[in-house]
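In what follows, a single structure is set out as structure tokens and then discussed.
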Amino acid sequence: MNANVTRRGFVAAAAAAGTLGATACSKPTDSSGATSTTSGQATTDTAKALTVFAAASLTESLTEAGKAFAKGGNAEPTYNFDSSGTLKTQIQEGADCDVFISAAPKQMNALDIDAEKGNDDKLDFVDHSTRIDLLENKVTLVVPEGNPKNIKSFEDLKSLLTSGGVLLAMGNSDVPVGQYTQKIFTYFGLDEAILSSAGVLSYGSNVKEVTAQVKEASADCGIIYKTDATSAKLTVVDEATEEMCGRVIYPAAVLKASKNADAAKSYLEFLQGPDASAAFEAVGFTPLKK
């Protein structure tokens with residue numbers, strides 16, 4: 001899987017003119033990428049530097065929220081955006097991460113020893129006391145510009161998939177949006193294996209890849225989140241009900257291995273505030289109140 005990783009370094013103020021006989025020296029860089037300085041010059045506050053692993057569907061809104069966070073005197077977080085399954089694996093394998101935000105409880109539960117269910121491997125990476133349900137999204141059926149196959153609803157999709165008259169883009173089975181799609185298949189009595197063998201399914205390793213297939217019209221339709229449809233300006237022809245695939249909840253938590261736990265907790269508080277909520281709502285998320 002291709003990780004879509006957005007990196008922002010933290011650059012300190014550069015230094016200076018010396019008096020006669022002074023020598024210039026290079027500035028050491030710490031493991032977070034922050035550049036330190038000497039001789040009383042201002043330094044980047046690495047205690048505030050955060051690495052956030054977040055579901056790909058959060059790319060636009062969380063990047064915008066991060067700018068508002070930085071205006072409050074904090075360093076803008078470094079982001080790793082990808083499918084929640086990929087991020088979960090990276091965390092499990094020891095990647096440096098302060099905050100994890102997944103597109104479904106499943107991936108968070110798998111890392112949370114105190115989760116009520118879903119922690120079959122007894123993994124203990126999440127500080128459960130910090131865990132919150134941050135956002136709710138919706139699962140939508142989208143089409144390319146002009147809607148060439150005249151798809152109007154999930155009911156239409158069922159008929160077209162069965163007859164072989166459409167190519168549907170969907171997420172892989174380890175991607176939350178793919179898992180929600182599988183629930184929709186179950187609701188409509190569709191067999192994914194049969195559909196795949198018939199060549200009417202196209203897969204993406206995260207929701208952005210699925211969105212791109214529809215945007216480029218390489219697929220006739222796709223099942224993605226409302227927020228990605230909004231960001232990509234795609235036409236939504238139907239929205240899945242809770243009965244079809246359940247609620248789409250995004251949990252967030254600080255990781256136990258965080259080197260900046262206090263700053264990470266403050267960041268989660270910020271994400272529940274008005275500035276971040278405005279960024280989330282702009283693309284179609286519903287912030288969940290404390």
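Find, among the trypsin sites (Lys or Arg not before Pro) in region 91-122, those assigned to loop by DSSP (not H, G, I, E, B) with at most 16 other beta-carbon atoms within 10 angstrom.
LYS117, LYS122
Each 10 Å bin, from zero up to the one with the longest distance, holds this percent of the alpha carbon pairs of region 58-125: 20, 44, 27, 9, 0.
Phi angles across region 173-188 convert, under the Karplus curve 6.51 cos²θ - 1.76 cosθ + 1.60 with θ = phi - 60°, into 3J(HN,Hα) values of 5, 9, 9, x, 5, x, 5, 5, 4, 4, 5, 5, 4, 4, 4, 8 Hz, Gly and Pro given as x. Using a probe of 1.4 Å, the accessible surface attributed to TYR187 totals some 100 Å² when neighbouring protein chains are kept in position. Each residue of region 169-238 gets 84 Å³ once the volume of the Cα convex hull is shared out per residue. Taking all protein chains together and a 1.4 Å probe, the residues TYR267, TYR203 rank TYR203, TYR267 from largest to smallest accessible area.
Normalised by the number of residues in region 76-233, the average gap of Cα pairs under 8 Å and 6 or more apart makes the relative contact order 25 percent. Rounded to the nearest whole Hz, the Karplus-based 3J(HN,Hα) values (6.51 cos²θ - 1.76 cosθ + 1.60, θ = phi - 60°) of region 117-127 follow the sequence 7, x, 10, 4, 8, 6, 7, 10, 10, 9, 7, with x at glycine and proline. Label positions at ASP275 and THR235, each projected 7 Å from the Cα along the C-beta direction, are separated by 3.9 nm.
Global size of region 204-286: 16.2, 47 Å for Rg and Dmax (C-alpha atoms, Rg to one decimal, Dmax whole). Derived value for region 82-237: Kirkwood hydrodynamic radius 16.6 Å. Basis is the mean of 1/r over every pair of different alpha-carbon atoms.
The values are calculated or read from the model by the stated rules, or taken from the named source; none is laboratory data. What you see is a predicted model, and the numbers here were worked out from it, not measured in a lab. Using ideal geometry, Cβ is built from the backbone for each residue, glycine included, and neighbour counts are taken over all protein chains shown. Only protein heavy atoms, including side chains, enter the accessible area calculation; ligands, DNA and RNA are left aside. Shrake-Rupley method; radii C 1.70, N 1.55, O 1.52, S 1.80 Å.
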